1. Glu323 versus (1) of a type outside the set (Ser, Thr, Tyr); (2) within 30 Å of Val9 (Cβ to Cβ); (3) in contact (Cβ under 8 Å) with a residue 24 or more places away in the chain: which is the lone unmet condition?
2. Within segment 152-159, is even one residue of a type outside the set (Ser, Thr, Tyr), more than 30 Å from Arg29 (Cβ to Cβ) and in the same structural domain as Leu249 (by TED's automatic domain parsing)?
3. With the requirement that a residue be modelled with pLDDT under 95 and closer than 22 Å to Pro146 by Cα, what does segment 279-311 give you?
4. Does Tyr103 satisfy being at pLDDT 95 or above, within 18 Å of Leu248 (Cα to Cα) and either among the polar types (S, T, N, Q) or out of contact with any Asp or Glu (no Cβ under 8 Å at 6 or more places or on another chain) (or both)?
5. Evaluate segment 158-171: report whether one residue or more is in contact (Cβ under 8 Å) with a residue 12 or more places away in the chain, exposed (fewer than 14 other Cβ atoms within 10 Å of the Cβ) and aliphatic (A, V, I, L, M).
6. If I filter segment 273-308 down to residues being assigned to a strand (DSSP E or B) and not hydrophobic (A, V, I, L, M, F, W, C), which single residue comes out as nearest to Lys319 (Cα to Cα)?
7. Kindly provide the set of residues from segment 274-298 that are touching a residue at least 60 places away in the same chain (Cβ under 8 Å) and under 16 Å from Ile239 (Cβ atoms), ordered by number.
8. So, in segment 85-119, of the ones that are among the aliphatic types (A, V, I, L, M) and under 20 Å from Ala18 (Cα atoms), which residue ends up nearest to the chain's Cα centre (by Cα)?
Amino acid sequence: MGRSGDINVLIIGSDRIASYKIGIEQPLRHLENNGKCSFSVRSENEVHLARLAAADVVIFFRTVSTEAYKYLEIAREMGKKTVYVIDDHFMAMSPATDMGRYYHDPAKRETYVKFLKNVHIVKVASNFFARHLEKHFNPNKVISFPGSVDFAALSGLEKARDHEDKIVIGYEGGRKRAAFDPVIKALRGILRKYGDRIRIEFFGYVPDGLEGKPQVSFVPHDSDYKNFLKRLYRSKWDIGLAPLENTLLHDCKTNNKFREYSACRIPSIYSRSPAYEEWVKNKENGLLASGTRDDWFEAMVEMIERPELRKSMMDNAEKTAKENFSVDTCAHRWRTLIFEA
């Protein structure tokens, strides 16, 4: 154990990735502030054996490098608890993409499988991903729970909705060309049907075919997560969009959009995907849409025409988020399901 009996944690991986901030750093910082753990982050090139020896738990975050795997072998020989934290199924990535080519390199594929099979705990953020790994890779133990939302960062912010009787539809996130194909067609239909009553805002990515339209605005991605979350909360969105492709890679994704939209009181439409179906109760805390233009169009029309539905979903979604995704809840899961298990 570390100082004063707390759990000493070494994280090997990058601390620059958003999923590290919301999935690991926020809950572990909460535990550290409450005297339950101490932690540090090192790249695989910065690990010293003395630091490894001092740790009670060694977390390997999103790495598939042979150098990092060597530290797994050493950590196990030292009797340390080892955890592999991943939020993507690397082997499900398309080898036609730059990232897919990286992970499909034979040495990296082999190291990925060795991590899955030889750590004490594999930590993922969706139950679908957990079941898939259990079925196909037979790891020692898989634990699944989602990341956290820092509700303290939203405390005291105003949620303005006075925007000249316009309905604002929004999306935040990265490029999702295939997932957006039916959504773009649906949005074009919405603009034809409602005209200037609609405004569409994109944070981070604007799909081809909508860029430059008078009712469409675009704001670049903000890499500072707290600033991004505050901007999302202050947005005047009446409807959020969360399309996702129907592939194994995307089926294994976590519920980022549902966590963020719900915490920011944005009633939203989500793809019928394992990432969202686990959490979205249709017409209670969100709407689910299949991968067709008509389904997305009809879901948007229903949201536009039924302000009372938007209000009830907004309230229920925020309640779901506060009950399941707070930093305190996520920290408790780390402590009880991983550190003390």
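1. (3)
2. no
3. none
4. Judged against the criteria, Tyr103 is a match.
5. The answer is yes, given that some residue of segment 158-171 is in contact (Cβ under 8 Å) with a residue 12 or more places away in the chain, exposed (fewer than 14 other Cβ atoms within 10 Å of the Cβ) and aliphatic (A, V, I, L, M).
6. In this case the residue turns out to be Gly286.
7. Passing the criteria: Asp295, Trp296, Phe297.
8. Residues of segment 85-119 among the aliphatic types (A, V, I, L, M): 85-86, 91-93, 96, 99, 107, 113, 116, 119.
Subsequent filtering for residues that are under 20 Å from Ala18 (Cα atoms) retains 85-86, 93, 99.
Numbers: Val85: 13, Ile86: 11, Met93: 17, Met99: 18 Å.
By that ranking, first place goes to Ile86.
The values are calculated or read from the model by the stated rules, or taken from the named source; none is laboratory data. Just so we're clear, the structure is a prediction, and the values are computed from it rather than from any experiment. Backbone-built Cβ (ideal geometry, glycine too); neighbour counts: all protein chains shown.
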